[in-house]
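J.: Below is one structure. I have some questions about it.
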Amino acid sequence: MTNEEAEKIRAALIERFGGEWHWHTSGPTRDFHLWDTANDRMGIEVSYNGDPRSGKAYRGWSVDVLVRNEDAIASVVGAPTLDEALAAALKQVREYGEDVRKTEAFLTGTAPQPMQAPIPENIQRIARAMQSQDNRATANPLWELRVVRHHYGYEPDYADGTEWRHCDGFTASDAEAEKLEAEYQRTGEVPDEWARVGYRAVVEHHQTFLTQQGLDDYLEVNGHNVPPDRHVYVNGPYRNAEIAAVRDFVLSLPVGADDAEDS
């Protein structure tokens, strides 16, 4: 089975059952997995056992129909075609003896599919930006805006730098601070109305964004509230399954390749 054939089968299953189907390959085995999005008591698992490179089938198609996502009420192994495997599984479901009408409707593709809510425009814009942006050679990239803030209260000799603070509460301008510092270095004295204050320069996280565009938009409307000493970092949330799942979901949204290229 070639990759092109595998994708055709995946598309056919999505059209027939809805939900999300994904290939999972382990050695010579290719597996599809689907859970019923309309009723979480039921699910179906389809497996193809064969060599994906040569297309040679070993045991052919297998189907399990599940209840409560765990108990198999129908199981077919080694059917020559997918349609025959599904038909045999449906026969078992009908012979099961319980009230399996919903399961039967699901398996035959006649169950009503849940309504798909429209994708909000702002989410579409995020998805397009994520699909088209440069990820800076980073897996699952997040754009971090970091700022440098001054933490005061340190002795000047043990600080990263000093500022001159007036008793009325304002900070000396660069030019004025330069004059005050020069006079202090010459005389060792601090004028009565001024204080020479030591600080540590500390890098702090300010905001996180899914896209470079989101960061740029934020600075455009709120940059006046962000310290001028700012830096942008691109980080990958290593082993952060939640962030990776959110990014994968947004990237999977059908916003259209043409739109992504235009953004």
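The values are calculated or read from the model by the stated rules, or taken from the named source; none is laboratory data. Given the structure is predicted, the values throughout are model-derived calculations rather than measurements. Counting neighbours? That spans all protein chains shown, and the Cβs are built from the backbone with ideal geometry, glycine included.
J.: Please verify whether GLU95 is over 19 Å from ARG10 (Cα atoms), loosely packed, with under 12 Cβ neighbours inside 10 Å and at pLDDT 65 or above, treating the condition exactly as stated.
T.: It is true that GLU95 is over 19 Å from ARG10 (Cα atoms), loosely packed, with under 12 Cβ neighbours inside 10 Å and at pLDDT 65 or above.
J.: I would also like to ask the following. Sort out which residues of the stretch 145-204 are of a type in the set (Val, Ile, Thr) and under 24 Å from ASN225 (Cβ atoms), and write them in order of number.
T.: Answer for the stretch 145-204, where residues must be of a type in the set (Val, Ile, Thr) and under 24 Å from ASN225 (Cβ atoms): VAL147, VAL148, THR171, VAL197, VAL202, VAL203.
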